[in-house]
1. Identify the residue in the stretch 46-58 that is part of a loop (DSSP other than H, G, I, E, B) and open to solvent by less than 30 Å² (accessible area, probe 1.4 Å) and, among all such residues, is farthest from the ligand (Cβ to nearest atom).
2. Report whether or not His354 is crowded, with 24+ Cβ neighbours inside 10 Å and in the same structural domain as Pro96 (by TED's automatic domain parsing).
3. Exactly one condition in (1) part of a helix (DSSP H, G or I); (2) without any contact (Cβ under 8 Å) to a residue 60 or more places away in the chain; (3) more than 21 Å from Leu242 (Cβ to Cβ) is not met by Leu265; state its number.
4. Which is touching a residue at least 12 places away in the same chain (Cβ under 8 Å), at positive phi and buried (at least 16 other Cβ atoms within 10 Å of the Cβ), of Gly62, Gly31?
5. Output the number of the condition that Thr657 fails; it satisfies all remaining conditions of (1) more than 16 Å from the ligand (Cβ to nearest atom); (2) closer than 30 Å to Leu155 by Cα; (3) modelled with pLDDT under 95.
6. Would you confirm, using the coordinates I've provided, whether Ala539 is surrounded by fewer than 17 Cβ atoms within 10 Å (Cβ to Cβ) and not hydroxyl-bearing (Ser, Thr, Tyr)?
7. Across the stretch 13-28, what is the number of residues that are in contact (Cβ under 8 Å) with a residue 24 or more places away in the chain and either more than 12 Å from the ligand (Cβ to nearest atom) or open to solvent by 20 Å² or more (accessible area, probe 1.4 Å) (or both)?
Amino acid sequence: KPVSGKTAIRTTCPYCGVGCGVLATPQPGGGLAVTGDPDHPANRGRLCVKGAALAETLGLQGRLLAPRIHGRQAGWDEALDLVARRFSETIARHGPDSVAFYVSGQFLTEDYYVANKLMKGYIGSANIDTNSRLCMASSVAGHRRAFGSDTVPGLYEDLEQADLVVLVGSNLAWCHPVLYQRLAAAKEARPGMRVVVVDPRRTASCDIADLHLALAPGSDAALFNALLAEIDRRGATDGGFLENLSGFDAALQAARLTDPGATGLPARQLAEFLDLWCSTRRVVTLYSQGINQSDSGTDKVNAILNCHLATGRIGRPGMGPFSLTGQPNAMGGREVGGLANMLACHLDIEDPAHREAVQGFWNSPAMAPGPGLKAVEMFRAVEEGRIRALWIMCTNPAASMPDADRVARAIGGCDFVVVSDMMADTDTTRLAHVLLPATGWAEKDGTVTNSERRISRQRRLLPAPGQARDDWRIIADVAARMGWAEGFAWDSPAEIFAEHARLSGLAGALGSDFDISLHAGIGGAEYDALRPFLWPQSARRRGGRFFADGVFHTPDGKGRMVPVNPLLAPDRPFRLNTGRVRDHWHTMTRTGLSPRLSRHIAEPYLEIHPDDARRLRLEPAGLAELWNDRGRAILRVLVTDRVRPGHPFAPIHWTGTTAPSGRVAALVPPLTDPVSGQPASKSAPVSIRPF
Ligand code: SF4
């Protein structure tokens, strides 16, 4: 039942990976009043403008309120029967790999768990991938190469305890605003603290930077290789910690062969950075999509991890590499194994013993025999007819996937497409044969995990509108109709969470870092009262940092340094950089409902250097047309030297499949990192002219 009365309820913001605690008070006339939760460790009462405007985005305009089949309203039974029948028939005729789920980093962990269990353990395919592939898959792959596990070693408080914080490819001020506020407050309180921003673009995060390294786009690995070589040259390695590592010599050799000039940085500025990093013990290197969204993103991650490993600056107060996730529950998705190349609870899908253990726990009829198709490969398989039934949940790939026009055509050509969503009319819902109405933030119960491994509750405060149902319930109802009622017979998210926690105990016994088995016996009342906690939570260890003890999750227990040979991005005009703005979220289906949030930036725009604008005869505040052989976008011109010549920037949020549109994902090529499968969304070749 929804909460009523005037008591403030603790819940969690549904936007970025900071995972701020929210106090939401149901109002007598309906709706909510929202403030920051002073007791939540992530934000301590702070909210950014998006979180503060949550109450303005709860209206029912545009909501999908009843199931639809081919555009006509249908009952739940008819819709669920149809989905189950078409998926079962497709699997029977064409095998388990002929179907796929594409899910979301905005799913709650319980939704994610159920979807993953159905696809991997019952259908027997690993064709479940998530929009988190577009966000942080390279960090996952880099962690696993270096640590043997997808472990974020540090905590948010490290940002405040560090003497040097390096932001790499992260506009923290706009994309993780509350962490930026924490960092800015720490720097104000301790002026000796240094902040360095490494970004080809001068962003709002540079406002507190002591040093901005506007390096050549894509040259991050060259920079960190130069740092590793300098660490060695100065004898700044941690000799004791090196004994816990393998691969140092090979990584160092690759670093020494790298030309620091590839960074394009003035020698004096580069030397200043190297000196600052090497001479400061407490260093946090925080990185985000500017590193991950690259055709060599995993190598860039490992180039950063190498420097922290070689100096032993990891898992200690104020020290460590720190991957920030973009989405509210990308971490929870990783924990349940909601990516095509992962198994539940950070177990290894390529390890037969792990697969057998999970199948035994689930007592399930099948198990995916290995990794499935990652997002870009998945939509290619849809296009080629290898995937014949596709269920898209809680995300809008026709607007957000690279090569978005082609992805939209592929979805439109698929034999059977189901979309579960809160909203009735998105670029993707328009392509569905069956639409299933889902509950959203404040209408459902569950958990999310933020970037520092902290699990928090999202709580139901409002009634489900119309006939909307929770995602986990919809998936479980389809599973039951496919003949698997027993494995999906939960009555509440609390029961799903308890099962997930029990499975994590098994995973912990197999060596997984992810273990929350202390919650394995959790009941409904405890789940309702659950306060934010850091994982792991097991008999062996509770919360804290990882790896300061020099023990890693690799087979030999050693951390692995990875030799990185930097790939340099082609430096010819124009390479479009893409990213977020401060006040909008993804494809704006929620933040677009708040006029206040559109006041900051009201329309899609192109940041372009004055030299480029002059050469192209683009007028400030005029319109520019961007095109390539994949798509086209029309953007408002913003002439600024914040960006480098040849490297304009445009935000990702605006949608629309009919021209003219500001949908820049259509321009992004489906080029991916070979290790992680993450698309290179930061470097789309485009042509530009006045519109
Ligand atoms: Fe929400 Fe992120 Fe803003 Fe916190 S920083 S209020 S989690 S959008």
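The values are calculated or read from the model by the stated rules, or taken from the named source; none is laboratory data. Remember, predicted model here, so these are calculated numbers, not experimental data. Cβ placement follows ideal geometry from the backbone for every residue including glycine, while neighbour counts extend to all protein chains displayed. Quick note on the areas: whole protein, heavy atoms, side chains included, nothing else; ligands and nucleic acids left out. Shrake-Rupley method; radii C 1.70, N 1.55, O 1.52, S 1.80 Å.
1. By that ranking, first place goes to Ala53.
2. Here the answer is no, as His354 does not meet what is asked.
3. Condition not satisfied by Leu265: (1).
4. The conditions single out Gly31.
5. (2)
6. Yes, satisfied.
7. 2
Okay, residues lined up against (1) farther than 18 Å from Trp472 by Cβ; (2) modelled with pLDDT under 95; (3) surrounded by 24 or more Cβ atoms within 10 Å (Cβ to Cβ):
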{"site": "Lys120", "(1), (2), (3)": "no, no, yes"}
{"site": "Ala126", "(1), (2), (3)": "yes, no, yes"}
{"site": "Gly142", "(1), (2), (3)": "yes, no, yes"}
{"site": "Gln181", "(1), (2), (3)": "yes, no, no"}
